[in-house]
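Read through the structure below, which is laid out as structure tokens, and then see the notes.
Values quoted throughout were computed directly from the atomic coordinates according to the rules given, and no laboratory measurement underlies them. The model shown is predicted, which means the values in this text are computed figures rather than measured ones. Cβ placement follows ideal geometry from the backbone for every residue including glycine, while neighbour counts extend to all protein chains displayed.
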Amino acid sequence: MFKVAVVGVGGIGGHHCKCYQSTQKIQLAAVVDIVPEKAQKVGEQYGVPWFTELKAVLKRKDIDFIDVCVPTGLHGDIIIAAVRAGKHVISEKPQDVTPQRCDQIIKAVRKSGRTYGGIFQHRFADDTRRAKAAIDAGRLGRITFALCNTPWWRAQEYYDSGDWRGTWKLDGGGCLMNQAVHAIDLLVYLCGPIKAITAKTARLAHERIEVEDVAVATVEFESGALGAILGSTSSFPGSAVHHELCGTKGMIYLDDDKATLWKLADELEAEKAGKPAAAPADTGASSDPMHLVSDIFARNLDDVARAAREGRDPIVSVEQHRKAVEVICAIYKSAQTGKTVLLPLKRFKPKV
């Protein structure tokens with residue numbers, strides 16, 4: 001078993017600690033947080049040593065992995081320090097706040113020879129895997145249209161709960177960078193690269209934040225397919241993350257990782273055999289940021305550990321983890337300039 005130290009346990013890091021109780025290839029061995037009370041509480045909860053400084057953990061030979069769960073704008077510093085210290089890395093989404101910062105991470109990881117695995121746990125859901133296999137096998141024919149929508153709600157208290165939330169420097173953006181990033185990753189993962197984006201964003205429901213709480217973008221994929229990206233944290237009470245994947249031989253709808261529509265030309269008799277299960281009735285993470293499904297997290301974490309053992313890239317490699325950041329920053333650039341933005345996008349600087 002690989003041994004991991006989780007850095008930043010005040011929010012999503014606490015959930016990572018829980019998920020390591022069910023992983024098969026990697027186990028929790030330490031926690032780190034700059035707030036001593038948080039570090040001590042979580043460390044004692046899971047019976048592992050706790051620290052308030054990263055340097056102390058990087059020196060430990062019994063730690064193989066550093067799991068980065070701090071605010072997004074701090075990811076790069078910790079990731080680069082970890083791989084330079086000879087540690088493998090797991091990093092929460094987004095990889096960092098700009099494409100150029102992501103490129104610095106990629107360079108450092110590849111130079112170190114260490115394994116880097118990003119967290120995009122929804123790639124590991126059963127119906128997402130089925131959809132990916134069907135698309136890769138050409139069962140949808142030529143993809144003609146694809147859409148992702150994250151119609152979520154976050155109360156003002158969510159943004160007021162941390163001075164880093166809703167800032168360009170540390171959050172990297174708003175409803176797209178922090179929430180819809182998962183849906184955008186799946187859109188690109190399933191349908192291929194995007195080459196052009198035209199977008200608008202707005203802040204309509206929240207105060208005291210620098211970033212958007214609603215966004216709409218039209219996209220053109222490299223394949224020629226057209227599509228749309230929608231996201232918000234201003235849609236009360238929030239609803240399921242929705243993907244539409246449409247082609248010349250079929251269509252698939254996914255709602256919160258569940259296939260709610262599955263119609264393929266080569267499965268004309270599918271309805272007689274039974275339809276896929278409907279999406280759950282609850283609103284899940286659409287209104288509660290800590291409503292998280294543990295099993296797909298554990299699959300994501302175990303894949304990174306297996307990759308390190310086998311000397312291969314994880315499913316969410318360091319380059320794969322960058323893609324959603326690039327798309328989101330292209331949306332921001334289009335919204336700020338009023339122009340269509342072509343990808344690849346090498347640099348982005350927000351207008352604060």
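Length available on full extension from D163 to E267: 0.36 nm per residue minus the Cα-Cα distance, which gives 32.3 nm. A prolate overall shape is assigned to region 131-263, the ratio a/c of its alpha-carbon gyration tensor axes (a ≥ b ≥ c) being 1.5 or greater and a/b exceeding b/c. Taking a straight Cα-Cα cut-off under 16 Å and skipping sequence neighbours fewer than 8 places away in the same chain, the lysines within cross-link reach of K132 are K249, K258, K263. Within region 125-160, name every residue whose backbone N is under 13 Å away from a label modeled 7 Å from Cα of E207 along the Cβ vector. Those under the cut-off are 156-157, 160. Applying the criteria of a DSSP loop state and at most 13 other Cβ atoms within 10 Å to the GluC sites (Glu not before Pro) of region 39-113 yields E53.
Length available on full extension from I34 to H15: 0.36 nm per residue minus the Cα-Cα distance, which gives 5.1 nm.
For region 188-210, the residues whose backbone nitrogen is under 18 Å from a point 7 Å from the Cα of Q156, taken along Cα to Cβ, are 203-210.
If the chain were replaced by its equivalent ellipsoid, with semi-axes equal to the square roots of 5 times the Cα gyration tensor eigenvalues, what would those be, largest first, whole Å? Display every interim value, and only then the final one.
Values: eigenvalues 200, 114, 81 Å².
Semi-axes from the Cα gyration tensor: 32, 24, 20 Å.
Peptide packing for 339-351, 230-242, 170-182, 213-225 was compared via the average number of neighbouring C-beta atoms within 10 Å per residue; ordered from the highest value, the list is 170-182, 230-242, 213-225, 339-351. Placing pseudo-labels 7 Å out from each Cα toward the beta carbon at K200 and A56 gives an inter-label distance of 5.2 nm. The calculated FRET efficiency for the pair K132 and Q24, based on their C-beta separation and a Förster distance of 25 Å, comes to about 0.65.
Ordered from longest to shortest, the equivalent ellipsoid semi-axes for region 86-176 are 28, 24, 13 Å, each the square root of 5 times a Cα gyration tensor eigenvalue. When I105, I229 are sorted by how many other C-beta atoms sit within 10 angstrom of their C-beta, beginning with the fewest, the order is I105, I229.
Output the pairs from K107/K339; K59/K87; K323/K349; K25/K59 with a Cα-Cα distance over 19 Å in this structure; if there are none, say none.
Values: K107/K339 30 Å; K59/K87 10 Å; K323/K349 17 Å; K25/K59 22 Å.
Pairs exceeding 19 Å: K107/K339; K25/K59.
Bridging of K41 to aspartates and glutamates at a Cα separation below 13 Å is possible for D33, once same-chain residues fewer than 8 apart are set aside.
Determine, for I63, I315, the number of other Cβ atoms within 10 Å of each Cβ, and report the residues in order from fewest to most.
Working: I63 21, I315 18.
Arranged by neighbour count, lowest to highest, I63, I315 become I315, I63.
If you stretched the chain out fully between E44 and F236, how much longer would it get, using 0.36 nm times the residue separation minus the C-alpha to C-alpha distance? Numbers along the way, then the final one.
Working: separation 192, 0.36 × 192 = 69.12 nm, distance 3.72 nm.
Once the chain is fully extended between E44 and F236, it gains 65.4 nm.
Nothing charged except the Cβ atoms of Lys and Arg (+1) and of Asp and Glu (-1): what's the magnitude of the dipole of the chain about its Cα centre? Round to the nearest 20 debye.
On the way: 47 positive and 42 negative charges, 270 e Å.
Dipole of the chain, to the nearest 20 debye: 1300 debye.
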